[in-house]
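Structure first, then comments.
The values are calculated or read from the model by the stated rules, or taken from the named source; none is laboratory data. Just so it is clear, the model here is predicted, and its values are computed rather than measured. Positions of Cβ are generated from backbone atoms using ideal geometry, with glycine treated the same way; all protein chains shown enter the neighbour counts. All accessible areas refer to the heavy atoms of the entire protein, side chains included, with ligands and DNA or RNA removed. Shrake-Rupley method; radii C 1.70, N 1.55, O 1.52, S 1.80 Å.
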Amino acid sequence: MPVPPDPTTRHPMPGQPRVVLLKPLVTSPLIEVGEFTYYDDPEDATAFETRNVLYHYGPEKLVIGKFCALGTGVRFLMNGANHRMDGPSTFPFPTMGGTWADHFDLLTGLPNRGDTVVGHDVWFGHGATVLPGVRIGHGAIIGAGAVVTSDVPDYGIVGGNPARLIRTRYGDADIARLLAVAWWDWPTAHLTAHVRTLMSGSIEELEAAAPRG
């Protein structure tokens, strides 16, 4: 019988502490991560919440789907990074304390692009950066060093600074079929029996392998 891996373990690869599953690791109520999404970092992968999710003061959330692969140095910049730009200075004086704090109202109502949402089965290359409020579709690939400033379509491949759409992995019709089969929602036991189809099969074979009923 096929045996699936344990989605609750922090380190799924024996002898490789640089790789962590994020779902059992994160503690912030503002971060949601799906099963089997992992992060790889030789320095301290377990510090993902503080080292890789920056300026996250709320209330917006970071939502990352299942089966995503995050290379070393992938960072999510959240809305707390925003500064006022409508006056002569962009410096956030009230955050420094003293009587400057009396002017904290000047920091309220800053632009907020809302939650940052990553779909399922997204691959992030080394050092990619995602700006606040971006939506990244299922099956997308984010190139190494990319700075993602705008939404990425399902199965899109983007790269550069700012990131631009290079191409999509499939045509529109096939993307619709992949979204309909939604393999990331299959029961883990069923998915385990079809790993080879998921990694190297055709869309037709994937559709044929989908659970019935």
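Per-structure values
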{"quantity": "Those residues of segment 195-213 which are surrounded by 12 or more Cβ atoms within 10 Å (Cβ to Cβ) and either farther than 15 Å from Leu179 by Cα or aromatic (Phe, Trp, Tyr) (or both), in sequence order", "calculated": "Val195, Thr197, Gly201"}
{"quantity": "Search result, residues across segment 106-127 that are touching a helix residue (DSSP H, G or I) at 6+ places or on another chain (Cβ under 9 Å), aliphatic (A, V, I, L, M) and in a loop (DSSP other than H, G, I, E, B)", "calculated": "Leu110"}
{"quantity": "Subset of segment 9-29 [touching a Lys or Arg at 6+ places or on another chain (Cβ under 8 Å) and either open to solvent by 30 Å² or more (accessible area, probe 1.4 Å) or over 21 Å from Asp185 (Cα atoms) (or both)]", "calculated": "Val20, Pro24, Leu25"}
{"quantity": "Residues located in segment 46-69, provided they are open to solvent by 40 Å² or more (accessible area, probe 1.4 Å) and β-branched (Val, Ile, Thr)", "calculated": "Thr46, Thr50"}
{"quantity": "Arg113 being at pLDDT below 95, within 23 Å of the chain's Cα centre (by Cα), open to solvent by 60 Å² or more (accessible area, probe 1.4 Å) and among the basic types (Lys, Arg)", "calculated": "yes"}
{"quantity": "Long-range neighbours under 8 Å by Cβ, at least six apart or interchain, first residue part of a loop (DSSP other than H, G, I, E, B) within segment 51-74, second of a type in the set (Ser, Thr, Tyr) and surrounded by fewer than 17 Cβ atoms within 10 Å (Cβ to Cβ)", "calculated": "His56/Ser28"}
{"quantity": "Index of the failed condition, Glu32 passing every other in (1) over 17 Å from Val130 (Cα atoms); (2) among the acidic types (Asp, Glu); (3) open to solvent by 40 Å² or more (accessible area, probe 1.4 Å)", "calculated": "(1)"}
{"quantity": "Members of segment 128-146 that are outside any loop (DSSP other than H, G, I, E, B) and either open to solvent by less than 20 Å² (accessible area, probe 1.4 Å) or under 22 Å from Phe36 (Cβ atoms) (or both)", "calculated": "Val130, Arg135, Ile136, Ile141, Ile142"}
{"quantity": "The lone exception for Glu43 - which of (1) open to solvent by 50 Å² or more (accessible area, probe 1.4 Å); (2) under 19 Å from Thr149 (Cβ atoms); (3) acidic (Asp, Glu) it fails", "calculated": "(2)"}
